[in-house]
Every structure is written in structure tokens, then in C-alpha cells.
1. If the cut-off is a Cα-Cα distance under 27 Å, which lysines reach Lys330, setting aside same-chain residues fewer than 8 apart in sequence?
2. Taking the alpha-carbon centroid of each part, what is the distance from segment 221-268 to segment 312-389 in angstrom?
3. Do the sum for the chain: with -39,500 (n - 2.57) for every DSSP H run of n ≥ 4, divided by all residues, what is the mean residue ellipticity at 222 nm, to the nearest 500 deg cm²/dmol?
4. Using the basic label-point model (7 angstrom from Cα toward the beta carbon), what is the Leu225 to Phe481 distance in nanometres?
5. Give me, ordered by chain and number, the residues 5 or more places off Ser489 or on other chains with an amide H under 5 Å from its own placed amide H.
6. How much FRET efficiency would the formula 1/(1 + (r/R0)^6) give for Ala60 and Ala309, where r is the Cβ-Cβ distance and R0 is 51 Å, rounded to 0.05?
7. Check every DSSP H run in the chain and write down those whose alpha carbon atoms cover 20 angstrom or more along the long axis and whose mean Kyte-Doolittle hydropathy is -1.0 or greater.
8. Dividing the Cα radius of gyration by the Kirkwood radius, what Rg/Rh value follows for segment 176-424?
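Read-outs throughout are calculated quantities, based only on the coordinates presented, and are distinct from any laboratory measurement. From a predicted model like this one, the values you see are computed outputs, not experimental measurements. For neighbour counting, all protein chains shown are included, and Cβ atoms are generated from backbone atoms with ideal geometry for every residue, glycine included.
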Amino acid sequence: MSKLFSRHPFIFVFCIILLGLLLRGIEIAHKQTLSHDESISYLSATVNQGAYQKVQEDHAYPFGVWVPASEWKQLLAIQEPFAFAKIGRELAQFDIHPPLYFWLLHLWTLIFGVHPWTGPTLNVVVFSGSVAALFALAKLLLKNNREALMVCLIWTVSPAVLDITVEARQYELLGFCTIFFAWSMLRYANSSLPHSWLKWGWLIVSVLLGALTHYHFALVVVGMLFILFVQLLLVNRSRFFSSFVGVGVGYLIFFVLHPQFYLSLQQLASRQGEEVQRYWTWLDFLRRVYATGYAYTRFWVNGDILQVAVFCLLVSSAIWMIWKFLRNPKRSIYWMRQAHIPGIEAVCLFLWIAAVTIFLYLTLLSPGNAMTTRHMSLAWPFFAFVPVSLLHLVKRRREWWQWAVVLVVMLSGLATVYFDDVRNQQVGTAVTILQSADYIVVDNVHRGIFPRIFWQIPDETLIYAADQSHLTAFSGEWMPFIQSDATASYVSNLSYTNSADGQDRIISLLSSEKVAVDERGQYAGSFVYQLRVGK
């Protein structure tokens, strides 16, 4: 088997890609709706972010007017093909992300339109390239095809990585850019080989792609530069400085292509300050601790009990390592210098990314929703190295333990796909009620809420969409339609400026006009009520 790994590794890489495509295909096949952030992705990719912002903030048409669903769907249709500059400007003005993924999604949407599977299928293409790039990186660091394939397999079937692919967001691309950058940097920085302008050029390209994908890519860049500083300072300073210059050139080109990036950073700072002032409590801090543990344990296993067990294992291991170091620092440093751990660069890079992201999150410097499995996509490729590399410290049955870790993660990935598939196939009555209604009243038009609802409502269905205060103040504009003999529904979402009290006021208005309000479950995170006129 070892000879087979050595002679034909790319056959196994291809098999891993096929396995990943199968698992992701099952997840995508039964996906029925868009997520909150996906709605924003498609608004950006269809060049409608600015237009929708006017509807949401300025109450522009079709806010507060009875219109066919097809009018709202125009905001998820591409009116300006290839308007890449406008996509970038609107992201800078109204969002907090660079434009590369949304440029690619724009092209993909031009071909396939907007569906629950549009973005995920683009992610699948990126995933396939990521596996190949990760194998190249792992082979470069581990010098062992079998262990490189283990790293690829762990990353491919991880429940956390599976979560990333099925959502039309930039995190799959961020994972690829992270891998590609680490590989490009390490290849170029190899001081045993002569300087190569081609490798330097690939380094610049990798930096540019990462910078255009996510602002947190800078964390990976800083970590890699520090690793190279330690490795090359006394060996080849010129190679380190040329690597540093390559990074600078990559970011300089990024500044030229996306000059208004600073607006996104200002908006992020403003949002975070508002979030801390409005929502922060000690309970929120505990939620952040829980979210951190959940994200990092879900990389390995899926399920509350198993994740708690892995969390305890990780925490106790960290405490033990710190205790051993503090007990005898000199001996620990000597041991670390003498120990040969293949792939230690990837392990150190993971520890750096994890430490910084956790610090930013627990100190409230990053948003409350910024510690999910997809937000950590830049860390997962290097997390996959940890067991494969550190098990080199085990002298007996090392390969057995490595395969045991692979098996655990694989079973967890299969379980994730199975349970997600079962959940996705459970179609509730709420969506049926919406699709059969003649009139629909909606009390939340936020860009992450309403597109999830209107995109699959029949074109001819009439929709009156506004916020709770508008519906309460101008009930005379929409109530007469509800009081007709036609079928009607009320969709309510309590996010952002909405509240349960506002929802109750609208239901009370309906009841006072002898309209029966029956809750029919939830769809796309919103409550769906069937309305019936009393006789």
C-alpha cells in the first residue's frame, strides 16, 4: 500500500475529490432555500446591492405597495452584466467584504440564474482545486504521500468544511486562497533553491487572490511572514525580504483594484461598536465561548456529546502543555528544538490563526456571528495537519493512530450529510401555504430576510412588504385585500428593528377586523400565518 501511495498519489487525490463531490452533492441536492447571508451574496452578485439598500433604508418602490412577486424578483436578476466595478463599489459602500467571490458568483449566476444550488456548485469547483492544492502543500511539508493524503481526506470529510461548501459565501474560496498562498510562499522561500521569478510571480498572485477574497486573509500573511522570519533570518535574509516585497506588491495591486476597501473597514468598525453598545451582556460573552468551542470541535466530530468530549480533550491538552512548559521552560525549549515534527509550519500557522481569531472574538472586536465553521475556513486546512504531524511524537503504532483519526472524522462527515439530508427533506406546511396564497403580507424587508422568502413565491402572487411600524400605521392600505375571499398569508420575522410586540399588534389588527390568524410553522427563519376571513 505504501508503494501504491508513492507511485500513484494522484489517483488517491482524484478519489478524495470524488468522495468530497459525492458528500457535497447530497447536501446541495435537497437544499430548499437561501440562508441570511446568501441573500446578501446574490444581491451583490446580481448588481442589486445598492438598489435594494434604497428599498430597505429609504422605503423606495416596491416597499409598502401591493406588487406581484415578480417585481421583487427583479432585485435578484442581473440587469447589468459584467458590471464588476459596480459590484466592488457597492460592496465597499454597503458591505464588509472584498469583491472576488462576488465577481465569480456574478459570472456563475449569468450562466445558471439564482437557485439554492447556484453558489454551492461554484463552491464545489473551488473545493476540487483546494484538494489538489492542499495535497501539494502537504506533500511539500510532510515529504510523505500517505500522510499528505491523510491531511486531504481529513479536510475533505470534516463536518466543518462540509458546512462551508453548501452556502453561497466566499469562505470556500478563502480556504483555497489560504492553501494556495501557503504553498506559493513556502516554495518561493525555499533557500536551498535558486531565486525564481516565476515562483515570485505566483506568490504575488496568491496574495492578490486572498486579499480580494477576505480581509482576514491578512492574518495568514502575517503568520507566514513570521514563520519565514524565524526560518530565514540567519540563513537567507534576501529571500525573506523578497518574499516580504512580493506580499507588498500583491496588496498594492489589491488597493488599485479595490480602492474603496477602507469604507468596508469603517463600516465594520461602526457595526461592531453598535453591536457592543446595544446587545452586549455577560450572557453574550458566554455565548461567544460556546460558539468558539462549537466551531473548533465540529471540525472533528458532529453531535453535542462528542463535541463536548473533544472540547474537554483539547482544553486539557492545552493546559497540560502549558503546565509542562512552565514547569521547566529551558528543557521544553530544548526538546522543541530537537524534536523533528514534519509539517510543524502548518501546525504553528493554525495555532496563530486560532489564537488571533479567538482573541478578536472573545474581546468583542469581531461580530457576534463571526465564529462559525465557515468563518474559520482559513484555519481548517492547517488544523487537518495537527494530528498527522503531532502523532510523529508517538513512537509506536503511529500510522494506526493517524488512520484512527481519519476514520473518526470520516464517520462524522458521513453522519453530518445524513442528518442534514433528513432535515432538508422535511418540507413543512409553511412553504406550501405561501406558494398557494393569492396575497402575502410581509413585515421585514431586510436584505438578509426578505429575499429568502420572495425568490420562490409564484410570480403572480401579490406581496405587500414593509416593516412592522409601517404595517401598523397604514393598515388601511393592505387590510382590504386580506378581507377578500382570496387566500392570504402573513409572514413575520422578528430580526433587526422588529419585535414580538410589533408582531402582536399586527395580529391584533387582523383579529379586530375578524380575520383569523393561524400559525403554520416557519419558513426561511420567518413565522408563517394563514389568514382566514371570519364569517
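1. Lys395
2. Each part's Cα centre sits 22 Å from the other's.
3. Working: 27 runs with 356 residues, N = 535.
Calculated from helices alone, the mean residue ellipticity at 222 nm is -21000 deg cm²/dmol.
4. Result for the modelled spin labels: 5.6 nm.
5. Tyr439, Ile440, Val441, Leu531
6. 0.45
7. Passing helices, by number: 9-29, 118-142, 171-188, 197-211, 217-232, 237-257, 261-279, 282-298, 304-327, 344-362, 398-424.
8. Working: Rg = 20.3 Å, Rh = 20.5 Å.
Expressed as Rg/Rh, it is 0.99.
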